[in-house]
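Peer 1: Below is a structure I'd like to ask you about.
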Amino acid sequence: EVKTLQELTRPNIWKLKPYSSARDEYKGVTASVFLDANENPYNTPHNRYPDPMQCELKTLLSKIKKVSPEHIFLGNGSDEAIDLVFRAFCEPGKDNVVAIDPTYGMYQVCADVNDVEYRKVLLDDDFQFSADKLLAATDEHTKLIFLCSPNNPTGNDLLRSEIEKILCQFEGLVMLDEAYNDFSKAPSFLEELDKYPNLVVFQTFSKAWGCAAIRLGMAFASKEIIDILNKIKYPYNVNQLTQQQAIAMLHKHDEIERWVKTLKEERDHLEAEFEKLPCAIKLFPSDANFFLVKVTDAVKIYNYLVGEGIIVRNRHNISLCCNCLRVTVGTRVENNTLLATLKKYPG
Ligand code: PMP
């Protein structure tokens, strides 16, 4: 049985009266003279504050994602949304969260910044997790469980049945990071939002949408959860240029689908070619736009590649990733440059 949202929310946040910006108050009114926000009347269009609730963008997004706008939070990257869930739900020095390990590093950084205990549960050797093990790590102070599917850095989808078990059995909120879901065959859990009141799905414009530079992340959840995130966000957290670029991208939906198709083909090509390299010991199957590879000596190969002007991610020092490199799928030319350089590796 999921706890009530009031039980799960920090008491100060539950009571919080949000900042009301000038632009919140006249919502819907048509006016031509704006003397309310202490803006400079010159230098249009950059002189005006942007829409604090990103209405136009959310309306478009809601059509593509098939989720109504009240179920969408937009932030300065999904990193902002991840930080806000700690600030909304976890009391510093008292509450804790549970996460799979290894996974995306920002969950722990946000936990540490917010002084919230971060409990890690090691994945199995095949990079899957057991819902029972995760649930066993929770106690009455566990507010959030973090799952990432496809997982970074391992690249694989987590088992749907185990995710569902967590959603059914955990009393707190389940954070499901789907940053890489566009590259996977697995359907998004967005379709399940109505079924699970404790589900929060994170997605981003930084990967499949090709917009890491504009910093736009999404959280999808019940209206009640989204209202809490909106209450504590900075008033104008998504700037005007970002909103405009995102709207332009949403109109180019077809192009994104083509990129994703190409990147998946490139991923399969690159992994197949890696299999033939003497320095590659084990390739891990990927459902994302990157893959993990175990090599003969990750530190040496990483440094060799840097010397050749090629940067991959050295994951040698993280759990279960001894001697592993994480390789992002690039263009065919970039991928072939990497392959040709590794073929010349003297080690
Ligand atoms: N989640 C995962 C799993 C990621 O790997 C990343 C980026 N590396 C993010 C979230 C961050 O996304 P954003 O750029 O939207 O902050």
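The values are calculated or read from the model by the stated rules, or taken from the named source; none is laboratory data. These numbers were taken from a predicted model, which means no experiment stands behind them. Neighbour counts are summed over all protein chains in view; Cβ atoms, including those assigned to glycine, are modelled from backbone coordinates with ideal geometry. For the accessible areas, the whole protein counts, side chains as well, though only heavy atoms, and no ligand, DNA or RNA atoms are used. Shrake-Rupley method; radii C 1.70, N 1.55, O 1.52, S 1.80 Å.
Peer 1: Please give me, ordered by residue number, the trypsin sites (Lys or Arg not before Pro) of the range 121-216 that lie in loop per DSSP and have at most 14 other Cβ atoms within 10 Å.
Peer 2: In loop regions of the range 121-216 (DSSP not H, G, I, E or B), the sparsely surrounded trypsin sites (Lys or Arg not before Pro) are Lys185, Lys195.
Peer 1: I've got another one for you. When we measure straight from the Cα of Lys233, which aspartates and glutamates land under 12 angstrom away, once same-chain ones fewer than 8 places off are left out?
Peer 2: Excluding near neighbours in sequence, the set is Glu80, Asp83.
Peer 1: Out of the total accessible area of the chain (probe 1.4 Å, heavy atoms of protein only), what percent is carbon and sulfur?
Peer 2: Ligands and nucleic acids excluded, carbon and sulfur give 52 percent.
Peer 1: Compute the signed sum of charges (Lys and Arg +1, Asp and Glu -1) over the other residues within less than 15 Å, Cβ to Cβ, of Leu35.
Peer 2: -1
Peer 1: Which residues make up the longest stretch of the chain that has no GluC sites (Glu not before Pro) in a DSSP loop with at most 12 other Cβ atoms within 10 Å?
Peer 2: The longest such stretch corresponds to 141-347.
Peer 1: Tabulate in residue order the Karplus-calculated ³J(HN,Hα) for the range 100-113, using 6.51 cos²θ - 1.76 cosθ + 1.60 with θ = phi - 60°, rounded to whole Hz; enter x for Gly and Pro.
Peer 2: Karplus-based 3J(HN,Hα) across the range 100-113 equals 5, 9, x, 7, 4, x, 6, 4, 5, 4, 5, 4, 5, 4 Hz.
Peer 1: Between the range 32-47 and the range 166-215, what's the alpha-carbon centroid distance in Å?
Peer 2: The distance from the Cα centre of the range 32-47 to that of the range 166-215 comes to 37 Å.
Peer 1: Which are the unpartnered cysteines of the chain, meaning those with no other cysteine Cβ under 4.7 Å from their Cβ?
Peer 2: Cys55, Cys90, Cys110, Cys148, Cys168, Cys211, Cys279, Cys322
Peer 1: For a protection proxy built on the mean count of beta-carbon atoms within 10 angstrom, sort 339-346, 315-322 highest first, please.
Peer 2: Packing order, densest peptide first, comes out as 315-322, 339-346.
Peer 1: Would you please name the trypsin sites (Lys or Arg not before Pro) within the range 1-90 that are DSSP coil residues with at most 13 other C-beta atoms within 10 Å of their C-beta?
Peer 2: For trypsin sites (Lys or Arg not before Pro) across the range 1-90 that sit outside H, G, I, E and B with at most 13 neighbouring Cβ atoms in 10 Å, the list reads Lys27, Lys66.
Peer 1: Determine the relative contact order of the chain: mean sequence separation of Cα pairs under 8 Å and six or more apart, normalised by residue count, in whole percent.
Peer 2: 18 percent
Peer 1: Compute the separation of the alpha-carbon centres of the range 223-251 and the range 290-347 and state it in Å as a whole number.
Peer 2: 36 Å
Peer 1: Follow-up. Looking at the range 1-111, I'd like the Rg to Rh ratio, where Rg is from alpha-carbon atoms and Rh is Kirkwood's inverse mean 1/r.
Peer 2: 1.05
Peer 1: For the range 236-347, what does the equivalent ellipsoid look like in terms of its semi-axes, each the square root of 5 times an eigenvalue of the Cα gyration tensor, given largest first in whole Å?
Peer 2: Equivalent-ellipsoid dimensions as semi-axes: 31, 17, 13 Å.
Peer 1: Could I ask something else about it? Rounded, prolate or oblate: which one fits the range 133-186, using the alpha carbon gyration tensor with axes a ≥ b ≥ c (rounded when a/c is under 1.5, else prolate when a/b beats b/c, else oblate)?
Peer 2: Because a/c hits 1.5 or more and a/b exceeds b/c, the range 133-186 counts as prolate.
Peer 1: Around Ala99, under 9 Å between beta carbons, what's the net of Lys plus Arg minus Asp minus Glu among the other residues?
Peer 2: Cβ neighbours under 9 Å give a net charge of +1.
Peer 1: Could you pull out every residue, at least 5 positions away or on a different chain, whose amide H is within less than 5 Å of the one on Val67? Hs are placed 1.01 Å off N in the peptide plane, and Pro or chain starts have none.
Peer 2: none
Peer 1: Of the options His269, Phe220, Ser319, report the single residue whose Cα projects farthest towards the positive end of the charge dipole of the range 214-347 (beta-carbon charges: Lys, Arg +1; Asp, Glu -1).
Peer 2: Going by the charge dipole, the pick is Ser319.
Peer 1: Separate question: Can you give the local net charge around Cys168? Use residues other than it whose beta-carbon is closer than 13 angstrom to its beta-carbon, Lys and Arg +1, Asp and Glu -1.
Peer 2: That sum, taken over residues with Cβ under 13 Å, equals -3.
Peer 1: Only bridges with both residues in the chain count here: give the DSSP antiparallel percent, nearest 5.
Peer 2: 50 percent
Peer 1: Just grab the label-to-label distance for Ala248 and Ser161, each label 7 Å out from Cα along the Cβ direction, in nm (one decimal).
Peer 2: Taking the simple label geometry, Ala248 and Ser161 are separated by 4.7 nm.
Peer 1: ³J(HN,Hα) across the range 44-49 via Karplus (A = 6.51, B = -1.76, C = 1.60, θ = phi - 60°), whole Hz, x for Gly/Pro?
Peer 2: Karplus values, whole Hz, x for Gly and Pro: 5, x, 7, 7, 9, 4.
Peer 1: Let me ask something else about it. Whole-Hz Karplus ³J(HN,Hα) for the range 67-82, in order, using 6.51 cos²θ - 1.76 cosθ + 1.60 and θ = phi - 60°, x for Gly and Pro?
Peer 2: Result, rounded to whole Hz: 9, 6, x, 5, 9, 10, 10, 10, x, 6, x, 5, 4, 5, 5, 5.
Peer 1: Next up: Rounded to two decimals, what ratio of Rg to Rh does the chain give with C-alpha atoms and a Kirkwood Rh?
Peer 2: Here Rg/Rh amounts to 1.00.
Peer 1: Under a point-charge model restricted to the Cβ atoms of Lys and Arg (+1) and Asp and Glu (-1), what is the dipole moment magnitude of the chain relative to its Cα centre, in debye to the nearest 20?
Peer 2: Charge dipole, the chain, about its Cα centre: 700 debye, nearest 20.
Peer 1: So what is the calculated 222 nm ellipticity per residue for the chain, using -39500 (n - 2.57) for each DSSP H run with n of 4 or more, over all residues, to the nearest 500 deg cm²/dmol?
Peer 2: Here the helix-only value at 222 nm equals -10500 deg cm²/dmol.
Peer 1: Between Asp112 and Lys343, 0.36 nm times their residue separation minus their Cα-Cα distance comes to what?
Peer 2: Computed gain between Asp112 and Lys343 is 79.0 nm.
Peer 1: Follow-up. Which lysines does Lys343 reach when only Cα atoms under 21 Å apart count, and residues fewer than 8 places away in its own chain are ignored?
Peer 2: Counting by Cα, and skipping residues close in sequence, Lys343 has these lysines nearby: Lys276, Lys282, Lys294, Lys300.
Peer 1: When the convex hull of the C-alpha atoms of the range 1-55 is computed, what volume per residue in Å³ does it have?
Peer 2: 138 Å³
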